């Protein structure tokens, strides 16, 4: 019996020592591999940033980073591989656009044909307001 009449279990000190050694070894291995882990983390962060700027080809209402589809997982892996090969973010996005079309981008490139799509709602709204103004002006003399 130990102090104060509390019975100690056998082996309790050994398990604490083993747990401490395991935690120490894990911390040491993490510290030793932190240089390689930092490089992998940098690639992973860039891949995640690129994947967030692309639509999922299957889901269409989610980014590539958010989607759980198998194709999205394959595309995230492909993005990671392309970045690890040394491609820039723009080159990776260009690869995806060449493969899946301009609709894969969340923010399409500013070109003349896309400019028309962006401005058309405002032009239609202005025309509608002008039409309504003329209509109500003629009704109320």
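Points worth noting:
- The ranking of 89, 74 by Cβ neighbour count inside 10 Å, starting from the fewest, reads 74, 89.
- Order of 125, 87 - criterion: other Cβ atoms within 10 Å of each residue's Cβ, fewest first: 125, 87
- Using the Cβ-Cβ distance between residue 119 and residue 70 with R0 set to 30 Å, the FRET efficiency from 1/(1 + (r/R0)^6) comes to roughly 0.20.
- For residue 42 and residue 111, the difference between the fully extended length at 0.36 nm per residue and the C-alpha to C-alpha distance is 21.6 nm.
- Full extension of the segment from residue 62 to residue 85, taken as 0.36 nm per residue of separation minus the current Cα-Cα distance, would add 5.6 nm.
- Counting neighbouring Cβ atoms within 10 Å and putting the fewest first, the residues 105, 46 line up as 105, 46.
- If the segment from residue 137 to residue 100 were pulled out straight at 0.36 nm per residue, it would be longer than the present Cα-Cα gap by 8.3 nm.
FYI, it's all coordinate maths here, none of it is from the lab. Fair warning: this is a prediction, and the values are worked out from it, not measured in the lab. Cβ sites come from the backbone with ideal geometry, for glycine too, and all protein chains shown count toward neighbours.
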